[in-house]
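Read through the structure below, which is laid out as structure tokens, and then see the notes.
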Amino acid sequence: MKGGARVVWVIGEKGMLGTEVSLALEKAEIEHIGSDLDVDITNGAALNAFAEGKAIKWMVNCAAYTAVDRAEDESELCRRLNVDGAAEVAKLAGRVGARLIHVSTDYVFDGNGRRPYTEDDETNPTGVYGRTKRDGELEVLKNCKNSYILRSSWLYGKYGNNFVHTMIKLMQKQDIISVVNDQQGSPTWAHDFAQLIIMLIKKEHKSDGTLYGIYHFCNGGGVSRYDFAKEIYKQSRELGILTKECTITPCATEGYPAKARRPAYSCLDHTKIKTALNIKVSDWNVSLRTFLSIGNYNNI
Ligand SMILES: NC(=O)c1ccc[n+]([C@@H]2O[C@H](COP(=O)([O-])OP(=O)(O)OC[C@H]3O[C@@H](n4cnc5c(N)ncnc54)[C@H](OP(=O)(O)O)[C@@H]3O)[C@@H](O)[C@H]2O)c1
């Protein structure tokens, strides 16, 4: 713990986003604690015991069941974490009067849209993961009035398996790779998302709680997975991360069988959070370059 006025509890601190949030809190010198599998979010008593005697002002819930395809076969487990776990976390936040930031996903939408989804658009998830995340959001809103639901999309970062990591590894190994060109979304650097969470925590709150609610956060712009992969390749070559050539070819989702159906279009409109916090957000290709430039790929 570092000295400061607020105690923030990062739940799921060892995951891709949770790690970035913990590091960002450390850097901002905001007092924080963390838990992961050691405090099972589906176990209300364990959550209560961990919170006992601690002055918790904020809870940031990054813990979730995130294996989108496996969820189709493990729907009960996925629901237990993403719905019951979210409910337990929200109940505790409500009981101790903490502000809750609960992280959610673009997969709550069906992907039939043709313009970036706003917070007012209807959810209509198409798979187990998205359904449980949507139901988890409802539990949070029901059980904690001081809550933010932050939906993000296509997260990548240093501390977990993700698309950027997978693409660079494949490009290192293979001379040709195929990437789907009929799924479009907004890639988001987990580090940028963590900074957003810090800004939210630092922002003074109005006593009437008018800031609480659902928000979208992603890097600016939208791109297909195929064009995202091409940009990863281009930047990795320019930065000397990739020393060999690789050809990237487009393919259709139906030629790339996966258990869960992904939304074909899941770009998020982040106007609401930009206005609420008065911030600028980097475009996805700018953040990608920063991510790749700061040496995240030395060990590949
Ligand atoms: N990754 C994306 O592209 C993406 C996009 C949009 C939104 N999101 C959302 O962003 C959030 C963070 O995602 P992420 O990619 O950082 O996920 P992640 O890397 O899978 O991290 C989740 C963490 O929660 C832990 N956990 C699992 N079950 C738990 C339990 N019962 N109690 C306590 N902790 C538990 C996991 O441990 P184990 O790993 O050991 O199971 C892991 O450390 C999630 O809410 C996700 O839905 C992710």
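Rule-based calculations on the coordinates, nothing more; no lab input. All values derive from a computational prediction rather than experimental measurement. Every residue, glycine among them, receives a Cβ derived from its backbone with ideal geometry; neighbour counts consider all protein chains shown.
Within straight-line reach of Lys169, meaning a Cα separation under 16 Å, sit the following lysines at least 8 residues removed in sequence or on another chain: Lys158, Lys230, Lys234, Lys244. For the peptides 96-103, 252-259, the ranking by mean Cβ contacts within 10 Å, running from highest to lowest, is 96-103, 252-259. For Asp227 and Arg80, the FRET efficiency from 1/(1 + (r/R0)^6), where r spans their Cβ atoms and R0 equals 41 Å, is about 0.65. Both numbers refer to the Cα atoms of segment 94-229; Rg and Dmax are 17.0, 58 Å. For Gln184, the residues whose amide H sits under 5 Å from its own are Tyr265, Ser266, ignoring neighbours fewer than 5 places away on the same chain, with H placed 1.01 Å from N. Taking GluC sites (Glu not before Pro) across segment 214-246, the ones in a DSSP loop with at most 16 further Cβ atoms lying within 10 angstrom of their Cβ are Glu245.
Taking the DSSP beta bridges with both ends in the chain, the antiparallel portion is around 5 percent.
Counting alpha carbon pairs within less than 8 Å and at least 6 residues apart, what relative contact order, in whole percent, applies to the chain?
The value is 20 percent.
Highest GNM mean-square fluctuation among Thr126, Thr243, Thr66, for the chain modelled with Cα contacts below 10 Å: Thr243.
Volume per residue of the convex hull around the Cα atoms, evaluated for the chain, comes out as 129 Å³.
Given the Cα-Cα distance of Ser293 and Asp69 and 0.36 nm per residue of separation, how much length would full extension add, in nm? Before the final figure, lay out each step's value.
Details: separation 224, 0.36 × 224 = 80.64 nm, distance 3.11 nm.
Additional length available on full extension: 77.5 nm.
Classify segment 7-65: rounded, prolate or oblate, from the alpha-carbon gyration tensor (a ≥ b ≥ c, eigenvalue square roots; a/c under 1.5 rounded; otherwise prolate if a/b is larger than b/c)?
Cα axes put segment 7-65 in the oblate bin.
Principal-axis analysis of the Cα atoms of the chain puts helix 190-202 at an angle of about 20° to the longest axis.
Per-residue ellipticity at 222 nm from helix content only, as computed over the chain with -39500 (n - 2.57) for each DSSP H run of at least four residues, stands at -10500 deg cm²/dmol. Along the Cα-to-C-beta direction of Asp121, a point sits 7 Å from the Cα; which residues of segment 219-235 have their amide N less than 17 Å from that point? Flagged as within label range: 219-225. Net length available on complete extension from Leu170 to Thr271 is 32.9 nm, with 0.36 nm assigned per residue and the Cα-Cα distance removed.
Between Leu37, Leu138, Leu25, find the one with the highest GNM mean-square fluctuation for the chain; connect C-alpha pairs within less than 10 Å. Answer for the Gaussian network model of the chain: Leu37. Between Asn48 and Asn278, the C-beta separation translates, for a Förster distance of 45 Å, into a calculated FRET efficiency of about 0.75. Rank Ser186, Ser153, Ser282 by mean-square fluctuation in a GNM of the chain with C-alpha springs under 10 angstrom and give only the top-ranked residue. Looking only at Ser186, Ser153, Ser282, the largest GNM fluctuation is found for Ser282. A Förster radius of 30 Å combined with the Cβ-Cβ distance from Leu211 to Arg114 puts the calculated FRET efficiency at roughly 0.50.
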